[in-house]
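Notes to accompany the following structure.
The values are calculated or read from the model by the stated rules, or taken from the named source; none is laboratory data. Just so it is clear, the model here is predicted, and its values are computed rather than measured. In this analysis, Cβ positions are derived from the backbone assuming ideal geometry, glycine residues included, and neighbour counts consider all displayed protein chains. Remember, those area values only see protein heavy atoms, side chains included, never the ligands or the DNA or RNA. Shrake-Rupley method; radii C 1.70, N 1.55, O 1.52, S 1.80 Å.
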Amino acid sequence: MFFTYLRRELRRRRKAALVVASGLALGIALVIVVTSVSAGMAQAQGKVLQSLYGLGTDMTVTKAQTPPAEGDTAARPRFQFDAKGEGDTDAEAEQSSDLVMPQGFQTLDAATVAKVSGQEGVAQAVGGLSLQVMKVNGQFKRGEFKRAEGAASGGAAAKPGATGGGTGGAAGGTTGKVEGGGADFDVNSFSVYGADVTRPELGPLTTSKITSGRGFQAGETDAAVAVVDSAYATKNKLAVDSEVTIKTAKFKVVGIATADSADAAANVYVPLKQAQTLAGTPDKITTVYVQAKDSQAIGSVKQAIQKNVPDTTVTTSADLADTVSGSLSTAASLASTVGKWLSYAVLLAAFLVAGLLTSSAVSRRVREFGTLKALGWKSGRVTRQVAGEALVNGLIGGALGIGLGLGAAYAITAISPKLTAQLAGGSGGAGGGGGGGMMRSARQSAGKALDIALTAPVSLSTIALAVALAVAGGLIAGGFGGWRASRLRPADALRRVE
């Protein structure tokens, strides 16, 4: 009887039921869209942070570069070339000079890794050495002496190979000038990262995927092997089994890596010990990558490291997230604040409209409910009947809202609007002089604007929330309408009979 009466009443009042369901559907769809977009914002920001750290990395430990003292020329990049004498046959031969130096940060002792690993709450730590290579390659070319026209005297021009005084003029000399000559050098700058091959699960190389060849092996701690970023490999026509020359040392390319997002941390990756040899800094590193045992205890781990490892800078993912700016940050702010309160307001309005419409429908059905009570229906049965109708309206609205919300989320993901993320570069450039501007750390490369595609993933928890809201809306409307219906008396029906 309950379901038969319910079905009949919903058919009779299709328009009213559709209005109530549509209001709830709009509010529920908006909640789904805002929730999914907020999740997309979090994923996009996570991609930016992964491009700086690496999978599993919670924080980094570095030491800021101290500015050089005034007049200190030791920190300036210097290139030296062999002098070629006039009698040298290779006076114009090509010359090359490489300068390899740590970039961005001051070096730390390799023992810092063990010290950081010993701090409470640290699961593991690994060191890395970030280098900048400046390669100058070219040659000096001698100029040619050209005699001025009419410079020869004695009525006869000097002939090539002539001996005696034929080269002298009236004043006993020859006039002319030196033309051509000079220097032609090419400057190539690229970044090199020394990775601890025994712990490949930490460090910036984890943000890249090996797309050709292989990665480092645990036994290659001192091997002359390299993994090259795909963009750098394409630019320089490198492939697996090619060779990369760094400061006269030849490294065999064993793999090509493609960065998952943003820019690669370095152009070339080599074993840490090889990088230390190239820079002439044995047992030195620039960065310690740290993984905490508990993601909820990152703050306390940071404090412990700062206290027990002095003169270092500890940067967590939360610190980097605070520096994100651009349209990504703006959209995230809108999704988490304005969008959230807007969805709440629309949802509240939908609940109120559903309750008012249900109450209004009860008022128009006074004769009906009064007659049912006169026939023996109890107040509780009338209330359950009204609440059941409202609950069905809520479920219909929930189904419509879920459909609208999923459609909107799918459209956002399909369009994938681009958002720009900008991370402020860290402090501490390299030494002074002309090379300071080129000495950026691997993390500072993310100071560039990054284009991130926005997605709107819908999780099962979001669907569950939508269903709960649909049921809640139906119960609120049904409870309000049922309360009105329970207060009706059979005499009200008799007074309204025409």
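Structure notes:
- The stretch between D109 and T258, if pulled fully straight at 0.36 nm per residue, gains 50.6 nm over its current Cα-Cα span.
- Computed E for E368/R214 - FRET, C-beta separation, R0 51 angstrom, nearest 0.05: 0.05
- Percent accessible area from carbon and sulfur atoms, the stretch 344-408, protein chains only, probe 1.4 Å: 71 percent
- Separation in nanometres of the label points that stand 7 Å from Cα toward Cβ, at L6 and T198: 6.8 nm
- Pairs beyond 20 Å (Cα-Cα), from K63/K252; K247/K284; K135/K237; K135/K250: K63/K252
- Note on D319/V19: beta-carbon distance plugged into 1/(1 + (r/R0)^6) with R0 of 45 Å gives a FRET efficiency of 0.35.
- Backbone HN-Hα couplings from phi across the stretch 454-463 [Karplus 6.51/-1.76/1.60, Hz, Gly and Pro as x]: 7, 10, 10, x, 10, 9, 5, 5, 5, 5
- Here the accessible area of the stretch 272-320 is 45 percent carbon and sulfur, with a 1.4 angstrom probe and all protein chains present.
- Remark on Q124: its backbone amide H falls under 5 Å from those of Q291, a criterion applied only to residues 5 or more positions apart or on other chains, H modelled at 1.01 Å from N.
- FRET efficiency, T245 to R142 (Cβ-Cβ, R0 22 Å, nearest 0.05): 0.20
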